[in-house]
Amino acid sequence: MKRSSIKDIAKLAGVSVATVSYVLNRKEGQRISEETRKKIFEIAETINYTPNKIAKSLKTNKTKLLGLIVADISNEFYSLMARNLEDKALKLGYTLIIGSSDENAEKFKKLTELFSQQQVDGMIVAPVAGSEKTLENLMHIKYPVVTIDRYLKGVTVPGITINNQEIAENTTSLLLNKNFDKIIYIGYETELPHLLDRQHGFEKAVHSSKKTVEIRHILVGLENIAEEVHSQLENTLGKSPENTALYFSSNKLAVAGLSYLVKNNIKVPEQVSVIAFDETETYHLFPTEITYIQQPIEAMAEEAIKLLDGQINNYTATEKRVTLSAKLIAKASFNK
């Protein structure tokens, strides 16, 4: 069956091909009557016209495709971010292709190569440890790239992040101003700067405080998180804690920690207060509402698409980083 074309629409509407093109692409500035516009759209619908995107991309040198590489699509933060990015991209006429690197630098590299082969107009990426060279290569060939949530030191890439160190410092100060006997920071053994910023914010607040309180750190790898968190909490927190605060630097760490508390029948906030970085639907399964630090995901997505669209349409070598503010959402798990 022959594919309908704009020439067919032009013939049936009794107008030029150029007129049909202007109307279907919703371009402004042409004096085309509303009656003609309506007629063209009705004919296009009647003959089931769909634009030939391949031909259009050859003409404009753009595919209107964007690539998104997240670190872990199973993490609710990234799945929600992907949904918001998809919505924002669609408003500008882009289709989003999504890949998950699973915190693996080689997989991250292969995804960038795949997206390049598919000729995406640009990429939004959450870089993983060890992906510096991959990003540098993309910048060298002037491929439009924007980082989101994360950044890598020494790599000049525009990106969107939040005030990780500031919000961590403020949250820790709030904990220190209470009368806890012990505060335990649960974070990652990592080289990723955004996670280290959270840890540095915690430590800065501790060093600035004159409070006498026992401070402990639990740092785990990116694999076997639940097992490691349980093991270290057993050693550091025990099974009958009192007057203690737990500060989890991610939602995955928090979920692992909360399962330990449930398993050992540790009451929140009576025995232990809890604050977590990032939210997740899993918190709703816990009997006490969890206090968490909320990242402005929708605003991050909007800024990322805006920044990338600007790079696609007018590429400039820049290390512009937009830093947005997170906020603490106080719930019953922190009540002292």
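The values are calculated or read from the model by the stated rules, or taken from the named source; none is laboratory data. Keep in mind that this is a model prediction, so the values were computed, not measured. Glycine also receives a Cβ, built like all others from the backbone with ideal geometry; neighbour counts cover every protein chain displayed. Ligands, DNA and RNA are excluded from the accessible area calculation, which covers all protein heavy atoms including side chains. Shrake-Rupley method; radii C 1.70, N 1.55, O 1.52, S 1.80 Å.
Tabulated values for the structure
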item	result
Linear extension gain, GLU223 paired with THR46, 0.36 nm per residue minus alpha-carbon span	58.2 nm
Accessible area per residue, Å², the chain with all protein chains present, probe 1.4 Å	53 Å²
Counting all C-alpha pairs of region 204-308, share separated by more than 17 Å (%)	59 percent
Size descriptor, Kirkwood hydrodynamic radius, that averages inverse alpha-carbon separations across region 98-150, Å	11.0 Å
Listed residues PRO296, PRO144, PRO287, most fluctuating in the chain (Gaussian network, C-alpha, under 10 Å)	PRO287
Convex hull of the chain built on C-alpha atoms - directionally averaged projected area, nm²	21.5 nm²
Computed [θ] at 222 nm, deg cm²/dmol, the chain (DSSP H ≥ 4; -39,500 (n - 2.57); rounded to nearest 500)	-13500 deg cm²/dmol
Whichever lysines have a C-alpha closer than 20 Å to that of LYS39, once near sequence neighbours (fewer than 8 apart) are set aside	LYS7, LYS11, LYS27
Fraction of beta bridges assigned by DSSP in the chain that are antiparallel (%, nearest 5)	5 percent
Carbon + sulfur, % of accessible area of the chain - ligands and nucleic acids excluded, 1.4 Å	47 percent
Peptides ranked, highest mean first, by Cβ atoms within 10 Å: ranges 95-104, 173-182	95-104, 173-182
Nearest-ten-degree value, helix 193-208 long axis tilted from longest Cα axis of the chain	30 degrees
C-alpha long axis of helix 297-313 to longest principal axis of the chain, angle in °	40 degrees
Highest-MSF residue in the chain out of SER259, SER79, SER16 [GNM, Cα springs under 10 Å]	SER16
Whole-number percent relative contact order across the chain, with pairs defined as alpha carbons under 8 Å at least 6 apart	16 percent
